1. Which of the residues that make up the range 122-160 are assigned to a helix (DSSP H, G or I) and farther than 20 Å from M190 by Cβ?
2. Select, from R272, R253, R248, the only residue that is under 19 Å from L220 (Cα atoms) and within 28 Å of the chain's Cα centre (by Cα).
3. If a residue counts only when it is within 25 Å of F137 (Cβ to Cβ), touching a residue at least 40 places away in the same chain (Cβ under 8 Å) and open to solvent by 30 Å² or more (accessible area, probe 1.4 Å), which strands (runs of 3 or more DSSP E) contained entirely in the range 286-362 have at least 1 such residues?
4. What's the number of the only condition in (1) in contact with a Gly (Cβ under 6 Å, 6 or more places away or on another chain); (2) open to solvent by 30 Å² or more (accessible area, probe 1.4 Å); (3) among the hydroxyl-bearing types (S, T, Y) that T70 fails to meet?
5. Just for the range 254-267: of the residues that are open to solvent by 30 Å² or more (accessible area, probe 1.4 Å) and part of a strand (DSSP E or B), which one is nearest to L228 (Cα to Cα)?
6. Considering the range 75-104 alone, what residues qualify as being crowded, with 21+ Cβ neighbours inside 10 Å, touching a Ser or Thr at 6+ places or on another chain (Cβ under 6 Å) and farther than 17 Å from P24 by Cα?
7. Which residues, counting only those in the range 200-209, are surrounded by fewer than 24 Cβ atoms within 10 Å (Cβ to Cβ), over 21 Å from H44 (Cα atoms) and either at pLDDT below 90 or under 19 Å from the mean Cα position of the chain (by Cα) (or both)?
8. Test R163 against the criterion of being assigned to a loop (DSSP other than H, G, I, E, B), at pLDDT below 95 and out of contact with any Gly (no Cβ under 8 Å at 6 or more places or on another chain), and give yes or no.
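The values are calculated or read from the model by the stated rules, or taken from the named source; none is laboratory data. The shown structure was predicted, so the numbers you read here are calculated from the model rather than taken from an experiment. No Cβ is skipped: glycine too gets one built from the backbone with ideal geometry, and neighbour counts run over all protein chains shown. Surface areas here come from the heavy atoms of the whole protein model, side chains and all, with no ligands, DNA or RNA. Shrake-Rupley method; radii C 1.70, N 1.55, O 1.52, S 1.80 Å.
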Amino acid sequence: MDDRFMQMALDLASMARGRTSPNPMVGAVVVKRGNVIGRGYHHHAGSPHAEVHALNEAGADARGATLYVTLEPCCHHGRTGPCTELIIKAGISRVVAATADPNPIVAGKGLKILREAGLEVTTGIMEKDARILNEVFNKYITTGRPFVVVKAAVSLDGKIATRTGKSKWITGSEARAYGHQMRDWYDSIMVGIGTVLADNPSLTTRLPGGGGRDPVRIILDSQARTPLNAGVLNQRSEALTIIASTARAHPARVKALKSAGIEVLTVNDGPRVDLIKLMELLGAKEITSVLVEGGAGVHGSAIAAGIVDKAAWFIAPKIIGGQDAPGPVGGEGAGDLTEAAVLERLTVSRLGSDLRIEGYFTRGGG
């Protein structure tokens, strides 16, 4: 029974995927005598929490009921008030939380308050699912750095383009649509200046049927070479564009970009953008997730820097061939197989004629 109602809460929470940053996704269900009498989820940062919506729907009937919530109720004053006070005041007799809140401000304190108020508290119900749901928040709130996903579309023989640089389209429409769904979910998308100059991408979200939210566009451009007429700088979009540069960029180029309304971050003094430092700067801006859609160079640099948490590979049943056709990860690479980046917790699914493989880095990642 607990699993059933917690699954309802998780489903509610996932309805806000990509909308709650820098907060977690949270769902709540109020149950009395086996019947659901209140439902709610956190819609976006600054809006009422899931528990508030669920308790408001339940009303006076919440007294003596059980509250199922995907994350430990908050006990502090932030953008909104503490949910623990509302739960106690509503007369809830039992709280079932999937997982404790990793936020150091909460971290078990909310559950302790509820127990001390005489409520029965159960934790760990569908905890793994709840942690996966909020993997972005969990990384960000405990490290101050964004959760990073490297995405690539490759042929069966591991090529991202032909020897002449042609790459449209390796994968089919279903895989491409899912890729745009990922852009809608994550806070930002990151590419290198090479991709901007070669492909002139827009880096916007284009879901089938329209809609979606554009991510913050981040360009790794150590010398501020991004042209002012580049497509990425000229989108009808509310999303910010950030040029991540270095002190070696020509001041005139930096000034021109800033005059065009582009934010330029001078990350470090070296010849290349320090990706670890960049992640710290993005985290300070409450950018909690980064989708890396660069070329082989950017992918290789991100993995080598150890900032990557997850890989999403889309594999098309095509063989491009050619030793000069590029692969998805560049750089120096591993000298021995024991040095290779390793993925775990793999999931495989089919999107049309393509395969989607996702996994988490255990070595060589974030």
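1. Taking the range 122-160 as the starting set, the residues that turn out to be assigned to a helix (DSSP H, G or I) are 127-133, 135-143.
Selection gives E127, K128, D129, A130, R131, I132, L133, N138, I141, T142.
2. Only one candidate passes the filter, namely R272.
3. 310-316
4. Only one criterion is unmet by T70, namely (2).
5. Among residues in the range 254-267 that are open to solvent by 30 Å² or more (accessible area, probe 1.4 Å) and part of a strand (DSSP E or B), the one nearest to L228 (Cα to Cα) is E263.
6. Of everything in the range 75-104, just one residue is crowded, with 21+ Cβ neighbours inside 10 Å, touching a Ser or Thr at 6+ places or on another chain (Cβ under 6 Å) and farther than 17 Å from P24 by Cα, namely V96.
7. Filtering the range 200-209 down to residues surrounded by fewer than 24 Cβ atoms within 10 Å (Cβ to Cβ) leaves 200-202, 204-209.
Cutting the leftovers down to over 21 Å from H44 (Cα atoms) gives us 200-202, 206, 208-209.
Hits for the range 200-209 are R206, P208, G209.
8. It is false that R163 is assigned to a loop (DSSP other than H, G, I, E, B), at pLDDT below 95 and out of contact with any Gly (no Cβ under 8 Å at 6 or more places or on another chain).
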